[in-house]
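**Student:** Can you read through this structure? Questions will come right after.
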Amino acid sequence: MAIRLYLRQSPRLEEELTDEGPDRAVFSCPLDAVVLREEEARVYAALSRLPMKQRQVMAWHLDGFTTAEIGGALGMQPAAVRQNLARARAHPKEALGLTSGGAR
């Protein structure tokens, strides 16, 4: 977890920092937070049903990391990361609880 936080905080070379703020409104509806929490709970439940390596790789992938970054952090080759991602995606949707309105 510490590695993930460190990688998230370190600036990426492709990013350019600007003084401009985001285009979206600052105010958000409280209902959005409820929906987000429910979706987050479904994702956590689905991840908990995966084997450990697939769970780790998928969690990092969902956080926006590349296969190279994930491999470096977990001590895996990028090809192994891709293979674990493919296996995680191949799990039956019923086993992951994604058939009745769950996360896709």
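**Student:** Mind checking the full-extension length gain between Gln9 and Glu38? Use 0.36 nm per residue of separation minus the Cα-Cα distance, one decimal, nm.
**Tutor:** That pair, Gln9 and Glu38, stretches by 7.8 nm at full extension.
**Student:** Taking the Cα centre of region 37-79 as origin, work out the dipole magnitude from +1 charges on Lys and Arg Cβ and -1 charges on Asp and Glu Cβ, in debye rounded to 20.
**Tutor:** Roughly 220 debye for region 37-79.
**Student:** How much length would be gained if the chain were fully extended between Gln77 and Ser48, taking 0.36 nm per residue of separation minus their Cα-Cα distance, in nm to one decimal?
**Tutor:** In short, 8.1 nm is gained.
**Student:** Another question, then. Ranking Met1, Met76 by Cβ neighbours within 10 Å, fewest first, what do you get?
**Tutor:** Ascending number of Cβ neighbours within 10 Å: Met1, Met76.
Values quoted throughout were computed directly from the atomic coordinates according to the rules given, and no laboratory measurement underlies them. These numbers were taken from a predicted model, which means no experiment stands behind them. Glycine also receives a Cβ, built like all others from the backbone with ideal geometry; neighbour counts cover every protein chain displayed.
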